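Novice: The structure under discussion is supplied below as structure tokens; questions concerning it will follow.
The values are calculated or read from the model by the stated rules, or taken from the named source; none is laboratory data. None of these values were measured; they are calculated from a predicted model. Positions of Cβ are backbone-derived with ideal geometry, glycine not excepted, and every protein chain shown enters the neighbour counts.
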Ligand code: DGL
């Protein structure tokens, strides 16, 4: 349970950043240099991660529970720094929950901002997308990218073993090579001339050092952290009614539904600086 003092201290209007586990830390890490003054609460639902193979209903229910917890802590803006949740829960939350239950609050995802800029990263107009089974099955990237850029071919491959490897800190060990190589080869076998591979799961930047050893020359890897950070900055510039409500004491809090000691150890590696999290149970 959270220390009651935590609740007292955190009555700021923070930006909530949500992920099933550690992956959203790769986004949070990119947000801080661009928007250093705001307060943040990072929520990792580690006890129920990975989300990648769960049904729409389950991802929606889990995500909504975490978002509502962040709302209860005073957040009026929550970023789903998770592709699976963005693919399977965001629209329902935005369309069916916010308007009548939380009309003053906003929840944003990571798929649309990534789709918006994808054309800047491909010349061949062939983009590979690596994601969880949930993200790939939803076809959200194909749909969103082709709405904006009908001439871009989007080829997808799910990588169901990567999030478990990362959540268990096994992703850079020798056993991970087979899964890294296999999923990459499966993707590249689907078409020729891919020149950009989008890492459409916020966990995947952690696996880049391994991926690079198998990546053919001429193909770029694209992570979402800086894209989402830039898009958030742009959003706040355009929505002064939301921006004006956010508190600015540069506070950073971390909560996990998992074991905080484990979260702090692994999360600090992913985040690049020391994390001290609190436990939360939903
Ligand atoms: N970081 C999440 C994503 O971007 C991980 C999904 C999972 O928990 O499987 O999709």
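Novice: Kindly evaluate residue 6 against the criterion of being modelled with pLDDT under 95, more than 14 Å from the ligand (Cβ to nearest atom) and surrounded by fewer than 21 Cβ atoms within 10 Å (Cβ to Cβ).
Specialist: Details: modelled with pLDDT under 95: yes; more than 14 Å from the ligand (Cβ to nearest atom): yes; surrounded by fewer than 21 Cβ atoms within 10 Å (Cβ to Cβ): yes.
So residue 6 fits the description; yes.
Novice: For segment 155-213, which positions are assigned to a strand (DSSP E or B), touching a residue at least 60 places away in the same chain (Cβ under 8 Å) and away from the ligand (no atom under 16 Å from the Cβ)?
Specialist: 196
Novice: Scan segment 24-50 residue by residue and report those that are at pLDDT 95 or above and outside any helix (DSSP H, G or I).
Specialist: Within segment 24-50, 35, 36, 37, 38, 39, 40, 41, 42, 43, 44, 45 meet the criteria.
Novice: Answer yes or no as to whether residue 124 is touching a strand residue (DSSP E or B) at 6+ places or on another chain (Cβ under 9 Å), more than 12 Å from the ligand (Cβ to nearest atom), over 27 Å from residue 221 (Cα atoms) and touching a residue at least 40 places away in the same chain (Cβ under 8 Å).
Specialist: No.
Novice: Regarding segment 104-115, can at least one residue be identified that is within 14 Å of the ligand (Cβ to nearest atom), modelled with pLDDT under 95, in contact with a helix residue (DSSP H, G or I) (Cβ under 8 Å, 6 or more places away or on another chain) and not in a helix (DSSP H, G or I)?
Specialist: Taking every residue of segment 104-115 in turn, none turns out to be within 14 Å of the ligand (Cβ to nearest atom), modelled with pLDDT under 95, in contact with a helix residue (DSSP H, G or I) (Cβ under 8 Å, 6 or more places away or on another chain) and not in a helix (DSSP H, G or I).
Novice: Taking segment 48-68, which residues are surrounded by 16 or more Cβ atoms within 10 Å (Cβ to Cβ), away from the ligand (no atom under 11 Å from the Cβ) and touching a residue at least 40 places away in the same chain (Cβ under 8 Å)?
Specialist: 66, 67
Novice: Further, regarding this structure: Which of the numbered conditions does residue 86 fail, given that it passes all the others? Conditions: (1) within 17 Å of the chain's Cα centre (by Cα); (2) closer than 28 Å to residue 150 by Cβ; (3) away from the ligand (no atom under 16 Å from the Cβ).
Specialist: (3)
Novice: Considering segment 127-143 alone, what residues qualify as being out of contact with any strand residue (DSSP E or B) (no Cβ under 7 Å at 6 or more places or on another chain), outside any loop (DSSP other than H, G, I, E, B) and surrounded by fewer than 20 Cβ atoms within 10 Å (Cβ to Cβ)?
Specialist: Taking segment 127-143 first, the residues out of contact with any strand residue (DSSP E or B) (no Cβ under 7 Å at 6 or more places or on another chain) are 134-135, 137-140, 143.
Going one step further and asking which of them are outside any loop (DSSP other than H, G, I, E, B), we end up with 134-135, 137-138, 140, 143.
137, 143, listed by residue number.
Novice: Please work out which one of (1) surrounded by fewer than 24 Cβ atoms within 10 Å (Cβ to Cβ); (2) touching a strand residue (DSSP E or B) at 6+ places or on another chain (Cβ under 6 Å) is the condition residue 99 fails and give its number.
Specialist: Of (1) surrounded by fewer than 24 Cβ atoms within 10 Å (Cβ to Cβ); (2) touching a strand residue (DSSP E or B) at 6+ places or on another chain (Cβ under 6 Å), only one is false for residue 99: (2).
Novice: Look at residue 99 and say whether it is outside any helix (DSSP H, G or I) and more than 16 Å from the ligand (Cβ to nearest atom).
Specialist: Numbers: outside any helix (DSSP H, G or I): no; more than 16 Å from the ligand (Cβ to nearest atom): yes.
No; evaluated as a whole, the condition is false for this residue.
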